[in-house]
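S.K.: Have a look at this one.
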Amino acid sequence: MLLHEDYLALRIPADPHEVGPVRHRLREWLRESGVDEDEASDLVLAASEAINNSVEHAYPGPAHGTVEVRAHVDPDGTAEVDVTDHGRWRVPPPALTTRGRGLLLMRESVDEVDVLRRASGTTVRLRRARTSVRPVTRGAPECDVRVHETSSGVVAVVRGDVPAEAGPSLRRTLTTAARGGTVPLTVDLSGLGVERSGVRRALHDVAEALRAAGNRLTVRTL
């Protein structure tokens with residue numbers, strides 16, 4: 001284990017019993033690095049899912065391997081956690097089972113999830129911005145998202161203002177509606193307010209999650 005003021009680096013055996021202590025160390029380091037309690041919890045939850053998947057699936061049969069966890073916090077407060085193995089990481093099946101919800105939980109918990117596959121192994125990169133220091137738009141109506149299912153997928157109707165600081169929250173809401181990308185999603189933006197700066201990035205990230213699962217995003221506007 002390597003602990004530093006600016007970064008954390010851990011290497012553990014791919015053993016389920018090692019996941020709990022890593023979670024504890026990561027949470028402790030994030031707190032000491034000034035990450036908000038809620039944001040630290042989100043990162044720890046997402047990292048736990050990534051670590052569990054590496055432990056359970058990266059090294060088949062009796063093979064022994066390691067899992068590396070690296071974390072750092074940018075000057076703007078954005079925290080990034082990388083979980084790396086050197087085996088054959090498998091994406092959980094899209095079926096809505098407890099173990100199949102790993103990627104969904106990651107995408108619900110943090111702002112960005114990138115799965116980087118190489119011949120030498122896989123890295124899951126998790127990023128969470130420091131929302132507690134973002135300016136809040138005063139007096140603007142809150143964004144409202146109504147979700148309903150149809151025979152061809154899920155429809156999310158977005159109403160009200162979506163300023164830049166509300167973008168990550170909208171992304172997580174839409175990702176949850178699409179069940180991590182496993183269900184086709186239609187987003188109705190006809191009821192948007194004047195402030196829309198948080199919409200584009202949210203839609204981009206949700207579209208990427210859908211595309212990775214073989215689905216597509218449909219957007220309705222006026």
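The values are calculated or read from the model by the stated rules, or taken from the named source; none is laboratory data. Small disclaimer: the values here were computed from a predicted structure and weren't measured. Using ideal geometry, Cβ is built from the backbone for each residue, glycine included, and neighbour counts are taken over all protein chains shown. Just so you know, the surface numbers come from the protein's heavy atoms only, side chains and all, with ligands and any DNA or RNA stripped out. Shrake-Rupley method; radii C 1.70, N 1.55, O 1.52, S 1.80 Å.
S.K.: By accessible area of protein heavy atoms, probe 1.4 Å, what ranking do Thr175, Thr221 get, highest first?
M.R.: The ranking, largest first, comes out as Thr221, Thr175.
S.K.: Moving on to the next point. How tilted is helix 199-212 with respect to the longest principal axis of the chain? Cα atoms for both, answer in degrees (0 to 90, nearest 10).
M.R.: The two axes meet at around 50 degrees.
S.K.: To continue, here is another question. What accessible surface, in Å², does a 1.4 Å probe find on Thr218, ignoring ligands, DNA and RNA and rounding to the nearest 10?
M.R.: Roughly 60 Å² of Thr218 is accessible to a 1.4 Å probe.
S.K.: Next question, about the same structure. Putting +1 on Lys and Arg Cβ atoms and -1 on Asp and Glu Cβ atoms, find which of Val22, Thr176, His148 reaches farthest to the positive end of the dipole of the chain.
M.R.: Of the options given, the answer is His148.
S.K.: Are there GluC sites (Glu not before Pro) in the range 1-87 that DSSP marks as loop and that have at most 12 other Cβ atoms within 10 Å, and which are they?
M.R.: Sites meeting the loop and neighbour criteria: Glu5.
S.K.: Magnitude of the Cβ-charge dipole of the chain, K/R +1 and D/E -1, about the Cα centre, nearest 20 debye?
M.R.: With Lys and Arg at +1 and Asp and Glu at -1, about 840 debye.
S.K.: Give me the percent of accessible area attributable to carbon and sulfur for the chain, probe 1.4 angstrom.
M.R.: Reported share for carbon and sulfur atoms: 49 percent.
S.K.: Return the whole-Å distance between the Cα centroid of the range 25-89 and the Cα centroid of the range 102-130.
M.R.: The range 25-89 and the range 102-130 have Cα centres spaced 9 Å from each other.
S.K.: Taking the Cα centre of the range 6-67 as origin, work out the dipole magnitude from +1 charges on Lys and Arg Cβ and -1 charges on Asp and Glu Cβ, in debye rounded to 20.
M.R.: About 340 debye.
S.K.: Quick one: length gained pulling Ser197 to Ser120 fully straight, 0.36 nm per residue minus the C-alpha distance?
M.R.: The Ser197-Ser120 span can extend by a further 23.8 nm.
S.K.: Before rounding to the nearest 500, sum -39500 (n - 2.57) across all DSSP H runs of length at least 4 in the chain and divide by the residue total; then give [θ] at 222 nm in deg cm²/dmol.
M.R.: -9000 deg cm²/dmol
S.K.: Quick check: the angle from helix 19-32's long axis to the longest principal axis of the chain, C-alpha only, nearest 10 degrees?
M.R.: Taking Cα atoms only, the helix is inclined about 60 degrees.
S.K.: Something else now. Counting heavy atoms of the protein chains only and a 1.4 Å probe, report the per residue accessible area for the chain as a whole number of Å².
M.R.: So the chain comes to 53 Å² accessible per residue, rounded to a whole number.
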